[in-house]
Structure formats: structure tokens, C-alpha cells
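Asker: Quick one: structure below, then a few questions.
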Amino acid sequence: MDGMDGMDDLDGGPEGGAPWKRMSKEELENQYSPSRWVVRLGAEEALRTYSQIGNEAGPEVPQVHLPYFIGEEATKRAQATGRNLLDVPYGDGEGEKLDIYFPEAVSEGLPFLVFFHGGYWQSGSKDSSAFMVGPLTAQGVAVVIVAYDVAPKGTLDQMVAQVTQSIVFVQKQYPGNQGIYLCGHSAGAHLAAMMLLANWTKHGVTPNLKGFFLVSGIYDLEPVMHTSENASLLTTLEDAQRNSPQWHLKTAPTQPVDPACRILVTVGQHDSPEFHRQSRELYQTLRRGGWKVSFEELHDVDHFEILWNLTQKDYVLTQVPLQETITGTSAHSPLLFVPLFISSWDGSTRGGVGSVPGE
């Protein structure tokens, strides 16, 4: 399902007529505060619950800074039970590190899932973001969790540059990879989407990008300028536009380096209307630009429960039919070509057994 009937009449871009421009400051703040849309917990209870694990921020942090409540424990399990390389430098900066988790049968041509954490560009850590490692390494996928300098230490421009460099590093370190699949949640989805615009030529390598999995992201940053998040992130409209994949894709459409590269834009049923609008409009813009893109609203989950579900091996987003992985047979649902599945779409088989680099 590469299209969504009835969606093409929605506002397709950030300019003129966007619903957020008619909102009061209070309503805009509400729309961009994910904790206020949690349905099984009230906002205050959600803040306490999701703050218990994996967040170093103090009680003064706004509710929109909810961390990933199961992240730290999931990461500890991944580090204790799997084959991995931790705190690998991908750049010269102190915060430019990544963790790599390998399946038991290491191949010369592994597929790689590269994950960028969320936290409104101001919190979160790779050390509490290894949610999906177990289900994916069990399926023969290497998982890379990337750290980047969050605000106020890092600017959005720096974060985008760091994420770009991390992908360049993975490609150079593993040039025989069977595909690099980018996955990001919330602010991490924004950073992953910015890679649709990257100029790889100046980095001397074109990464083997095969798919993008964008979960509950923000792709037009102009509305954020009018919320409490703006103080640490954006000072001018030019800042917002320069770091808005939706704005770039709308004003200067970019063609995919690999026409077969697939994108899945997802949003939780209980995300706010603004998060829904942002995801749908990115989907529409990509579709009109000729990208292989699908949109999916994930039933009965909120902005944070999506991450909990990624730890469950029987959840639809971390399942992969055997025939889909091995033969590349077409799927019955767009969820089955989620980059998390790292399917071999041309039907090729994986390379011979190798070893974890450094062993």
C-alpha cells in the first residue's frame, strides 16, 4: 500500500493554511507536548513513570522531555547478552560515539539498522535506547545506536552533521553491508529524515541506504519556534527552515539516490493531531516526489508505547516472515517492509560468516 486514499486533499506543506498557525500559544504547547496525550496514564503519572529509567534530567524538565521508560533496562540486557562493540568513536567529539550490536552469526554482508533516539533534541541517550536489539539481532540484523550532542551543548545543525557522520562511519567500516536502514523516534525521526537531503558526495562515500522507518516525528520545525522548546533550539525562521526536511522536500524536491529505497512514516493512534498532521504531510510530500513511501497509523499506542512494543519479539513491527527475509516476496501489509525487517528485496542471500571487528 504505497498510497492512502483520501489523504491527498490535506495541506501538503508548512506554508500557508497550516492548522497550527490558527492555534493559541497554549494549544500549540499542548499539541507539541506528547505526555499530555497519553491515554492510559495522566500526564503527571506518565512523567513519573517514564522518568524512572534512562533519564538524567531533573524534575524541572518539561513533560515533553519524557524519556524511554524501558530503555535503560533493555540496553543493559542487550549489552550483557549479545555480541557488541560499545562507545565506538565515529568522530572526534566527546559525544560522537555509537554502539554496535551483532547477531550470533556474523556475516561479511550484514544488514544494519541504525537508530537515532528522541528526547526533543534535548534529552535521551544511546545508553537507554537499545529497545529493539534483541528481536533484530535474533533475525540476523546488526543494530547501531547513535549518540549525538543534545541541546544546549549541541545545536540542530551540529546534530544533523553528527548523524550524517555516523552513517558515513558505518558505511566505511562495513562497506560490504547488505543495506543500511535508518530508524528514528520523535526527534530521532526528524534527524533520520534529514538524511534524505544529505550531500554524500562531500563525504567521499555514498551509504547503501535501503530504507527509512520514521516513528512519530516532527518534520516542519516552524511550529516548535512558538513553544517552550524554542529557547534551546531555534532562534530564527531560517534556523527552522534549514533544519526542516518537510520544508526542503516541498520547496526543492530531492530524488532518492536509490529509487528502490523504501520509507515508512508511522504515527501512534494516540499521538496529538499535530504529530498526525506532520507525519501525513511528510508522507504526501515524499509520495509526490516519487519516493517509495507508505504511511501507517499504529493502532492503540501513544508516543511512548511504540518504543515499549519494539522490545517485544511478537510485535508486528519486529516480526518478519521467513519468506520475506529470504526471498523478498511482496508483503501483504506496508508494515512488512518496515526497515526494521531488513528484508533482502532483490532476493539475494547473505554473505559468509565473519567475526566481530576487533576480535
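The values are calculated or read from the model by the stated rules, or taken from the named source; none is laboratory data. Owing to the predicted nature of the structure, the values given are computational and were not obtained by experimental measurement. Backbone-built Cβ (ideal geometry, glycine too); neighbour counts: all protein chains shown. Surface accessibility is based on the protein's heavy atoms, side chains included, excluding ligands, DNA and RNA. Shrake-Rupley method; radii C 1.70, N 1.55, O 1.52, S 1.80 Å.
Asker: For residues that are over 25 Å from residue 303 (Cβ atoms) and free of Cβ contacts under 8 Å to residues at least 60 places away in the same chain, scanning just the range 171-194, find the one that is least open to solvent (accessible area, probe 1.4 Å).
Answerer: Out of the qualifying residues, it is 171.
Asker: Restricting to the range 155-211, count the residues that are part of a loop (DSSP other than H, G, I, E, B), within 15 Å of residue 100 (Cβ to Cβ) and among the hydroxyl-bearing types (Ser, Thr, Tyr).
Answerer: Counting residues in the range 155-211 that are part of a loop (DSSP other than H, G, I, E, B), within 15 Å of residue 100 (Cβ to Cβ) and among the hydroxyl-bearing types (Ser, Thr, Tyr) gives 1.
Asker: Sticking with this one: Please count how many residues of the range 251-280 are more than 17 Å from the chain's Cα centre (by Cα) and either open to solvent by less than 10 Å² (accessible area, probe 1.4 Å) or within 24 Å of residue 207 (Cα to Cα) (or both).
Answerer: Within the range 251-280, residues that are more than 17 Å from the chain's Cα centre (by Cα) and either open to solvent by less than 10 Å² (accessible area, probe 1.4 Å) or within 24 Å of residue 207 (Cα to Cα) (or both) number 11.
Asker: Check the range 282-289 and report whether any residue there is surrounded by fewer than 19 Cβ atoms within 10 Å (Cβ to Cβ), charged (D, E, K, R), over 29 Å from residue 130 (Cα atoms) and modelled with pLDDT of 90 or more.
Answerer: Yes, the conditions are met somewhere in the range 282-289.
Asker: Report yes if residue 271 is of a type in the set (D, E, K, R) and touching a His at 6+ places or on another chain (Cβ under 8 Å), otherwise no.
Answerer: In short, yes.
Asker: Looking at (1) acidic (Asp, Glu); (2) assigned to a helix (DSSP H, G or I); (3) at pLDDT 70 or above; (4) surrounded by fewer than 17 Cβ atoms within 10 Å (Cβ to Cβ), which is the one condition that is false for residue 45?
Answerer: Only one criterion in (1) acidic (Asp, Glu); (2) assigned to a helix (DSSP H, G or I); (3) at pLDDT 70 or above; (4) surrounded by fewer than 17 Cβ atoms within 10 Å (Cβ to Cβ) is unmet by residue 45, namely (3).
Asker: While we're on this one: So residue 223 passes all but one of these: (1) closer than 29 Å to residue 273 by Cα; (2) open to solvent by 10 Å² or more (accessible area, probe 1.4 Å). Which condition number does it fail?
Answerer: (2)
Asker: Moving on. Looking only at residues that are hydrophobic (A, V, I, L, M, F, W, C) and under 18 Å from residue 175 (Cα atoms) in the range 195-220, which one is surrounded by the fewest Cβ atoms within 10 Å (Cβ to Cβ)?
Answerer: Ranking the candidates gives 205 first.
Asker: Please tell me if residue 205 is among the β-branched types (Val, Ile, Thr), in contact with a His (Cβ under 7 Å, 6 or more places away or on another chain) and over 30 Å from residue 280 (Cβ atoms).
Answerer: No: the conditions fail for residue 205.
Asker: A follow-up question, please. Take the residues of the range 108-130 that are farther than 28 Å from residue 229 by Cβ and either part of a loop (DSSP other than H, G, I, E, B) or open to solvent by 20 Å² or more (accessible area, probe 1.4 Å) (or both): which is modelled with the lowest pLDDT?
Answerer: Out of the qualifying residues, it is 108.
Asker: Of all residues being open to solvent by 30 Å² or more (accessible area, probe 1.4 Å) and more than 18 Å from residue 147 (Cα to Cα) in the range 70-103, which is modelled with the lowest pLDDT? Just the residue, please.
Answerer: 82
Asker: Just the residues that are touching a residue at least 60 places away in the same chain (Cβ under 8 Å) and open to solvent by 10 Å² or more (accessible area, probe 1.4 Å), please, taken from the range 139-150.
Answerer: The answer is 139, 140.
Asker: Another question, then. Among the residues that make up the range 131-138, is at least one of them polar (S, T, N, Q), free of Cβ contacts under 8 Å to residues at least 60 places away in the same chain, more than 27 Å from residue 35 (Cα to Cα) and surrounded by 21 or more Cβ atoms within 10 Å (Cβ to Cβ)?
Answerer: yes
Asker: Same structure, new question: What are the residues in the range 19-33 that are at pLDDT 80 or above and open to solvent by less than 20 Å² (accessible area, probe 1.4 Å), if any?
Answerer: Answer for the range 19-33, where residues must be at pLDDT 80 or above and open to solvent by less than 20 Å² (accessible area, probe 1.4 Å): 20, 28, 31, 32.
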